[in-house]
């Protein structure tokens, strides 16, 4: 009855490679678990499923009600039962962690056949090859460091362009506050609070971010840049609506579109939310968050799917088909058009009418940052660290945002302590 | 043949289900305790890691907030529910008309799941959606009822919703107790000229002591296990202001994928339960002994 | 079991009587508030609610919310509303309730009236089961279900709830049976009745009050449970609590369908509400008869 990790890993050592040839009757089949049961994510994954069926496969998607934790519980229960799905949603460093508990599929042959590695941002590659070969594929990319500005609010304070440094941002926010506009329209949920720190820090200094939040270097965690970031975070907290705690940022959008709230620092997905609420994207200026040194940074959030080793030939064939499709340009285009993200491949042309200005701008920044090595992984969206470390850090950050008695110095100290405790 | 079967069948019938249930209680508790001493993360591992998980859990910011919250929440929830339940029972006991209707109204929240309770009260407490918005739309533009977004007050909204859910149950138990008080006692009180207030406070209440203790224990274990309600109402927020030990267990085990620490948190929760149960057990033994002595 | 006071206690004077009813009414409002709000919302459209607040009078009777919730709403990619999930919940709750009640009655009977070696310890352990938090048992159950080959079935949930439910039901039944006068049992023994005959002839006919309490308690508890329901079943076999969670977790990109959510919540809560509505008085009677000591 005791499940020994050794027994599970015995299969992992021999990660499944190419399948045996399929008999003419058996159609490739994919069983898939995710949390994407509705909304644009649900529509996008269903679209992918339909494409799989058009190519002759069988698509069996069981979305798990709830959020990511419920999906991971289900995944873990299925793995314990010895019945993992053919593929499932999983992202960031968790791919490495979970790949140790169950055998996965080696996608190297397919990936090199498609010449895929050269086409995607380097930071992403490492996450999907934890043991040196591809076992997962990214599905879409979002930028978390997007600045949305309400044009009506800008008009009210006589601003005609977006702030380019934090000093300009702070000055503009002060103007807005004086004019009776709530400067920051972010929400009060955990990951939103975490995002605000990563936005502040990445805007202050790219390498400080890399050292502190991605490498967890103790010196970087206690550096002057970190202190500055916490001070900026305190300013954000003061400029938010005090009654917003624990609520999703979308409740602020009506006021934001009217000009009663000024600026929203959010991921690119907010475009879709604004559109669905019936908002007019012309009322919104979309750009990068302020950057104190050098060109804009791109803080990356990506959804991925991981492939679990199965002996059944129809599932193995289904996995090959799904992987091939996921790497194709047209599939990625359709996926990103549905959700408002950017395709993973950097060779996609976004000039057509199906793409929004926001997506074009983000994609340009991605390509630029890719070349100048200023792509970072999002902390708040579980890309930079594994779940336990992320959760411990966000505990500190969300507490800091909602408790103004914590000083920036204390915030920095608490964050470093939380990282130690979570790792120990 | 029948004789032998007749002798063993009852034993089988008695023991089999009991063993399965007792087995699962002992087995799961032992397994969790064992895991709390291992370095398990996503999946159970069985190597020894000493007190590492306990140290990590105890140093985690969650845990401290959770147990402080548990104290405040338990006192508030158990105290208020018992009080409201007792008052309602006394009131209903007054030979009122529409007793059936009122009793159903007070009792029905028990039928509603904690998830729905949390969701509905979450809507009502939401300042942008519920009571505050409604009052403001009526013209009362300074009305504030945003407890649920306030770090210091959010916990009380949870107490409120929990009392709403459980007060009917406390009322039912107290009412049952009131109705099983010896009628001769009531007659004697009336002969003595005791008014209703004196009756309830001096005579009925002491007779209800055993029931009150049962109510307290049942409510306390509700409080300690509270999970669905908080998740549905505030998700533990704002920040971590409304987190409770059961949520900390879930967070470590499933959100963070650290089974070792989650198990340690669970063991801590069980220990705090024991803190409540052992005194109750001692009390029950003492009362049983007293009764036996009285009957001799 | 006469009403306390009966005709003996002086009734309260007039003004006291008005105050009494006023207080009772105030409490009734407090208890009814969420229910009324949810009912009203189930007749409003999502746009209405988003525009005003969750407290409001419906502009018209949006019956389509109910139709959608019951049969058409897309939950996790199946567009059949909550109806199939309600069926699953019934398939789960009815056997689990019956089994756990029956087993609890027998166990309670054995422990209270037939002394046998180790009975106190076993009872203490069984009662401990009432206090174990759910989260802690999730992974052990996953392992057990794996061994039994029962993953992703309703049968798995029936097993879990029966085994766990026994803790409560045994506790209730044992406390009740302990109150059965010894003379009855002695008379039965003198007549030569053994274990089963005593149960059938004497205990069972006396049991309805406690059985009703147990059935109501178990039905409600199992119907409303969601953690195991979501983890140990998938897709079309999930109970209605999972469907409610799916409806409630609208992603940020969509308008929150408060109207349909309210209708779905009401429909899903209907069975337990009806149970308390019709069985409330028996529930009380059973408790009075000594379920809780």
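Considering only DSSP beta bridges where both residues belong to chain A, give the percentage that are antiparallel (nearest 5).
In chain A, DSSP labels about 55 percent of beta bridges as antiparallel.
What's the center-to-center distance, using Cα atoms, between the stretch C:125-146 and the stretch C:213-236 in Å?
Between the Cα centre of the stretch C:125-146 and that of the stretch C:213-236, the gap is 14 Å.
Determine the shielding of peptide A:71-82 by partner chains: average, over its residues, the number of Cβ atoms on other chains within 10 angstrom of each Cβ.
6
Can you compute the helix-only [θ] at 222 nm over chain C? Use -39500 (n - 2.57) per DSSP H run of at least 4 residues, normalise by all residues, nearest 500 deg cm²/dmol.
-21500 deg cm²/dmol, from helical runs alone.
Just to be sure I understand the model, the point goes 7 Å from the Cα along the line to the Cβ. What's the resulting residue A:118 to residue A:219 distance in nm?
3.8
If you line up the long axis of helix A:387-402 against the longest principal axis of chain A, both from Cα atoms, how many degrees apart are they, to the nearest 10?
20
Express the relative contact order of chain A as a whole percentage, based on alpha carbon pairs under 8 Å and six or more residues apart in sequence.
Taking the mean separation of contacting Cα pairs over the length of chain A, I get 26 percent.
Using 1/(1 + (r/R0)^6) with R0 = 56 angstrom and r between the beta carbons of residue A:293 and residue C:28, what's the FRET efficiency to the nearest 0.05?
0.30
Provide the percentage of antiparallel DSSP beta bridges, counting only those with both residues in the protein assembly as shown; round to the nearest 5.
The antiparallel fraction comes to roughly 60 percent.
Between the stretch A:371-391 and the stretch A:264-306, how many Å separate their Cα centres?
Cα centroid of the stretch A:371-391 versus Cα centroid of the stretch A:264-306: 16 Å apart.
How many percent of Cα pairs in the stretch C:83-291 exceed 29 Å?
Of the Cα pairs, 35 percent sit more than 29 Å apart.
Any idea how far apart residue C:117 and residue B:98 come out in nm if each label point goes 7 Å out from Cα toward Cβ?
In this crude label model, residue C:117 to residue B:98 measures out at 6.1 nm.
Can you give the calculated 222 nm mean residue ellipticity of chain B, where each DSSP H run of n ≥ 4 adds -39,500 (n - 2.57) and the sum is split over every residue, rounded to the nearest 500 deg cm²/dmol?
Value at 222 nm, helices only, nearest 500: -23000 deg cm²/dmol.
Pairing the Cα long axis of helix C:258-286 with the longest principal axis of chain C, what angle in degrees results, from 0 to 90 and rounded to the nearest 10?
Taking the Cα atoms of chain C, the angle to C:258-286 is about 20 degrees.
For the stretch A:48-173, what are the per-bin percents of Cα-Cα distances with bins 5 Å wide, up to the bin holding the maximum?
All Cα pairs, binned at 5 Å, distribute as 2, 8, 13, 14, 15, 12, 8, 7, 8, 8, 5, 1, 0 percent.
Relative contact order for the stretch C:83-291: what is it in percent, counting Cα pairs under 8 Å that are at least 6 residues apart?
Contact order relative to length: 34 percent.
In Å and on Cα atoms, what radius of gyration and Dmax does chain B show?
When restricted to Cα atoms, chain B yields Rg and Dmax of 24.1, 85 Å.
Before rounding to the nearest 500, sum -39500 (n - 2.57) across all DSSP H runs of length at least 4 in chain A and divide by the residue total; then give [θ] at 222 nm in deg cm²/dmol.
Dividing the helical sum by the residues of chain A leaves -14000 deg cm²/dmol.
For the stretch B:181-240, what is the largest minus smallest coordinate of the Cα atoms on each principal axis, given in angstrom and ordered from greatest to least?
59, 19, 14
On average over all directions, what projected area in square nanometres does the stretch A:362-422 have, based on the convex hull of its Cα atoms?
Its average projected convex-hull area is 5.4 nm².
Please express the Cα-Cα pair-distance distribution P(r) of the stretch A:315-391 as a list of whole percents, one per 5 Å bin, running from 0 to the bin with the greatest distance.
3, 14, 17, 17, 18, 17, 10, 4, 0
Using just the alpha carbons, could you tell me how many Å³ per residue the convex hull of the stretch A:31-110 encloses?
113
Let me know the Kirkwood hydrodynamic radius for the stretch C:172-293, please, with Cα pairs as the basis and the value in Å to one decimal.
17.8
Treating only the Cα positions of the stretch C:64-153 as identical point scatterers, give the base-10 log of I(q)/I(0) from the Debye formula at each q in 0.15 Å⁻¹.
Each listed q maps to, in turn, -0.88.
Percentage of Cα-Cα pair distances in the stretch C:14-72 greater than 19 Å, rounded to whole percent?
Cα-Cα pairs of the stretch C:14-72 separated by over 19 Å account for 48 percent.
What residues of the stretch C:24-39 lie in the reach of a label at residue B:181, counting those whose backbone N is under 20 Å from a point 7 Å from the Cα along Cα→Cβ?
The answer is C:24.
Residue by residue through B:34-47, how many Cβ atoms from other chains fall within 10 Å of the Cβ on average?
4
So how many Å³ per residue does the convex hull of the Cα atoms of chain A work out to?
Looking at chain A, the number lands at 145 Å³ per residue.
Considering chain A as a Gaussian network with a 10 Å cut-off on Cα pairs, which listed residue, A:370, A:256, A:67, attains the greatest mean-square fluctuation?
A:67
Return the single residue from C:31, C:172, C:199 with maximal mean-square fluctuation; model: Gaussian network over chain C, springs between Cα atoms under 10 Å.
Result: C:31 has the largest fluctuation of those listed.
Among B:84, B:197, B:267, which one shows the biggest mean-square fluctuation in a GNM of chain B, springs joining Cα atoms closer than 10 Å?
B:197
Over chain B, what is the mean sequence separation of C-alpha contacts under 8 Å (at least six apart), divided by residue count, expressed as relative contact order in percent?
29
Could you give the C-alpha radius of gyration of the stretch B:1-146 expressed as a fraction of 2.2 N^0.38 Å, taking N as the number of residues it contains?
1.77
Translational diffusion coefficient, Stokes-Einstein: compute it for the stretch B:1-68 using the Kirkwood radius over C-alpha pairs as Rh, at 25 °C and 0.890 mPa s, and state it as an integer in µm² s⁻¹.
158
Percent of alpha carbon pairs in the stretch C:187-245 separated by more than 18 Å?
Tail fraction, whole percent: 58.
May I ask for the Rg/Rh ratio of the protein assembly as shown, computed from Cα atoms with Rh as the Kirkwood radius, given to two decimals?
0.99
I want to verify the translational diffusion coefficient of the stretch B:224-280 in µm²/s; compute it with Stokes-Einstein, Rh as the Kirkwood radius over Cα pairs, at 10 °C and 1.306 mPa s.
Result for D is 134 µm²/s.
Working from the alpha-carbon coordinates of the stretch C:98-141, get Rg over Rh, Rh being the Kirkwood radius.
1.06
Using Cα centres only, tell me the gap between the stretch C:93-124 and the stretch B:46-97 in whole Å.
29
Against the longest alpha carbon principal axis of chain A, how many degrees, from 0 to 90 and to the nearest 10, is the axis of helix A:329-339 turned?
50
When you look at the Cβ of every residue in A:306-319, what mean number of other chain Cβ atoms sits within 10 Å?
0
Each reported figure results from applying straightforward, stated rules to the coordinates on display, with no laboratory input. Owing to the predicted nature of the structure, the values given are computational and were not obtained by experimental measurement. FYI the Cβ positions are ideal-geometry reconstructions off the backbone, even for glycines, and counts take in every protein chain you see.
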